[in-house]
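Written below as structure tokens is the structure these notes are about.
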Amino acid sequence: MQLQVQNSLSTDIDTIFEFYDMAIAYQKKVFNKHWQGFSREMVQIEIDENRQYKILVDGVVACVFAVTFNDQLIWGERDHDAIYIHRIVTHPEFRGYSFVKEIIKWAKDYTTKNDIKFIRMDTWADNEKLLEYYTGCGFDYVGVVTMEKTDGLPKHYEGISLSLFEIAL
């Protein structure tokens, strides 16, 4: 099996949104919250800025994720020296491949090359299954934040509480 992490291209945007649709359908089945959808413009900007990625397994897109380098609305005063991982979606045929661990390996390499001190992510504070999974992947739980100001964030962030995770390097 050959696994590669690559920047997504503009030609991948339909695939990315197919993955988001699959994720939303899955979230509706297994949890009481779900994403509200994303803007194509936002994803295109991520692609243009080389912040949208895909994981290929033997040349097939198996997972997508995005990164950013600032996340002030969520991380507040802690928003510095970090890469923030968002919207990890694995195609159902590739569940169980431990892509979060692969993303962490990729992010550790990226942070080393770019003098970044933290790998961070967030998820719904009441999603016990994901909280346990992320700590099992090596993230430290660092607290909960309740979202008040959400201008610039997707709609599903309005009024929610998020668990915050990081790996200090």
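What the table shows:
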{"read-out": "Pairs with Cβ under 7 Å, 6+ apart, first in segment 50-79 and of a type in the set (Lys, Arg), second open to solvent by 30 Å² or more (accessible area, probe 1.4 Å)", "value": "Lys54/Gln6; Lys54/Val61"}
{"read-out": "Search result, residues across segment 36-59 that are out of contact with any Pro (no Cβ under 9 Å at 6 or more places or on another chain), open to solvent by 30 Å² or more (accessible area, probe 1.4 Å) and not small (Gly, Ala, Ser)", "value": "Arg40, Glu41, Gln44, Ile45, Asp48, Glu49, Asn50, Arg51, Asp58"}
{"read-out": "Residue satisfying condition, being open to solvent by less than 50 Å² (accessible area, probe 1.4 Å) and part of a strand (DSSP E or B), within set Ala23, Ala62", "value": "Ala62"}
{"read-out": "In segment 26-35, residue nearest to His91 (Cα to Cα) [restricted to those that are part of a helix (DSSP H, G or I) and open to solvent by 30 Å² or more (accessible area, probe 1.4 Å)]", "value": "Tyr26"}
{"read-out": "Breaking point among (1) under 17 Å from Lys54 (Cβ atoms); (2) touching a residue at least 40 places away in the same chain (Cβ under 8 Å); (3) open to solvent by 70 Å² or more (accessible area, probe 1.4 Å), for Lys105", "value": "(2)"}
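The values are calculated or read from the model by the stated rules, or taken from the named source; none is laboratory data. All of these numbers come straight from a predicted model, not from anything done at the bench. Every residue, glycine among them, receives a Cβ derived from its backbone with ideal geometry; neighbour counts consider all protein chains shown. Side chains included, ligands, DNA and RNA excluded: accessible areas come from the protein's heavy atoms. Shrake-Rupley method; radii C 1.70, N 1.55, O 1.52, S 1.80 Å.
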